[in-house]
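This report concerns only the one structure given below.
The values are calculated or read from the model by the stated rules, or taken from the named source; none is laboratory data. Bear in mind that the values here come from a model prediction, so they are computed numbers and not experimental data. All Cβ positions, glycine included, derive from the backbone under ideal geometry; neighbour counts span all protein chains shown.
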Amino acid sequence: MKKISHILVFPPFSAPYIGGIVSHSEEFAQAFAARDIKVTMFVPLLPSLPQVRGIHNIRRIYYPAIEPILHFPVPKVWTLAFWHSLRQLEPCQYDCVFSRTRFFPITFITMLYAKTKNIPWIHIEHGTDHVQRLGTPATKFFSRLYDATIGRLVFKYANEVIAISPSVHIFLKSFGRTNSKIIHRGLDCRAYESISPDYSIRSHFPNKTLIMWAGRMSRWKGVHNSIKAIALLPRAIREQIVLVLIGDGEEQAQLQQLSKGLPVIFSGSLSRESVIGLLKSSDIFIHSSYEGGALSTALLEAMFCKNAIVATPHEGAPEVIVNGETGFLADNTSPQSIAQCLKILAADKDLIRALGERAHDYVQKNFSWGEAVNRYLEVIQSIDR
């Protein structure tokens, strides 16, 4: 059996971006590098973001890109600089090339590169629905048109398609890809354990229940429903809680307006280490997403940090939240459903602690990068060459 020595990864974006796909891509690369497997990452260079230096066994080749829509890098394929960057990949021999999430333009380029160079190609899918995040009729139309054409080609011609959760696997079946494999992401638990709790916010509210949300403030993340849920709580409960929103995004101004007069504070965008530190000092985490995403990294991190979870039934929450055991699963995304769960939790500190402990134990037991890499290596070896 051939030893795997070098993989090529085309992530849609990379550090210092913050988000689930980014953390998956970065930890995926680090987990392979820890096995003495070289990893080359072909990543977009945007004017607003600095380049990140390579580390042991990980090389980054940057190509120029623009961001016409927030968090949607588009390679500058019309420039000589892009093709110069692409040629830097040439001196190496790769055992496999990886792409992620079919709707980013770099995924289509990955397909062309892999087929032209005759390199085994594995596509990792993170989505569970057509793109909905901007919510306009035009966006929905073009996302479905893209999935019916380019997206379908990606799923058809990749040598293997990996779903990062069961909900993604179900989505792939709608494209006829019934043989996709499910490989859960891992979590860098040792790194999380080394981060100390950050009590800076709690010190200002020492006797209150801290509720947190973390992520990108897009419509499909449902943050507005979390704020509305706080407004629906009885006044006596509102006086005993604080909702902390970590992150930024296109919805931030509207959310700040919506939260006026409520116990809601905005922390702004923070480093991942800072987010983990704050989550370790929190009591409750709200996962309020709509349909469309795969298993949420922020949700798993909050579980690891022993937060009691209130989750809407999307972005993988039903896969990890056993209602009343590892958290509370709301009936739907409505503020009323979220508020009902918060009412139960806010009045019971013992229940908060018990749910947080069980959530932590569940994540620590079931999400290992070591096991994930073993399974990816098996998939690479199984591809006919």
key: Residue identified as surrounded by fewer than 21 Cβ atoms within 10 Å (Cβ to Cβ) and under 24 Å from Gln30 (Cα atoms) among Ile106, Ile182, Ile162, Ile170   = Ile182
Subset of the range 248-290 [among the acidic types (Asp, Glu) and closer than 15 Å to Tyr192 by Cα] = Glu273
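On the given criteria, is Asp283 charged (D, E, K, R) and within 20 Å of the chain's Cα centre (by Cα)?
On the way: charged (D, E, K, R): yes; within 20 Å of the chain's Cα centre (by Cα): no.
Criteria not met by Asp283.
Select, from Gly54, Gly20, the only residue that is under 15 Å from Arg272 (Cβ atoms) and either over 18 Å from the mean Cα position of the chain (by Cα) or buried (at least 23 other Cβ atoms within 10 Å of the Cβ) (or both). Working first, answer last.
Values: Gly54 fails: under 15 Å from Arg272 (Cβ atoms).
Sole residue among the options that is under 15 Å from Arg272 (Cβ atoms) and either over 18 Å from the mean Cα position of the chain (by Cα) or buried (at least 23 other Cβ atoms within 10 Å of the Cβ) (or both): Gly20.
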ask   = Across the range 240-289, what is the number of residues that are modelled with pLDDT under 95, within 25 Å of Gly327 (Cα to Cα) and of a type in the set (D, E, K, R)?
value = 2
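Yes/no matrix, rows are residues, columns are (1) assigned to a helix (DSSP H, G or I); (2) of a type in the set (Lys, Arg):
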{"site": "Asp331", "(1), (2)": "no, no"}
{"site": "Leu345", "(1), (2)": "yes, no"}
{"site": "Asp350", "(1), (2)": "yes, no"}
{"site": "Arg353", "(1), (2)": "yes, yes"}
{"site": "Gly356", "(1), (2)": "yes, no"}
{"site": "Arg375", "(1), (2)": "yes, yes"}
{"site": "Asp384", "(1), (2)": "no, no"}
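When residues of the range 293-329 are filtered for being assigned to a loop (DSSP other than H, G, I, E, B) and either among the hydroxyl-bearing types (Ser, Thr, Tyr) or modelled with pLDDT under 95 (or both), how many remain? Spell out how you get there, then give the answer.
Residues of the range 293-329 that are assigned to a loop (DSSP other than H, G, I, E, B), as a first pass: 294-296, 305-307, 312-316, 321-322, 324-326.
Next, only the ones that are either among the hydroxyl-bearing types (Ser, Thr, Tyr) or modelled with pLDDT under 95 (or both) stay: 294-296, 312-316, 321-322, 324-326.
Final tally of qualifying residues: 13.
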remark   = Across the range 345-369, the tally of residues that are of a type in the set (Asp, Glu) and in contact (Cβ under 8 Å) with a residue 12 or more places away in the chain stands at 1
query = List, please: which pairs have Cβ atoms under 7 Å, are six or more places apart or on different chains, and start with a residue in the range 191-209 that is outside the structural domain of Val264 (by TED's automatic domain parsing) and modelled with pLDDT of 95 or more and end with one that is in a strand (DSSP E or B) and β-branched (Val, Ile, Thr)?
reply = none
query = Identify, please: which residue in the range 199-241 is among the small types (Gly, Ala, Ser) and over 16 Å from Ile284 (Cα atoms) and is, among those, surrounded by the most Cβ atoms within 10 Å (Cβ to Cβ)?
reply = Gly222
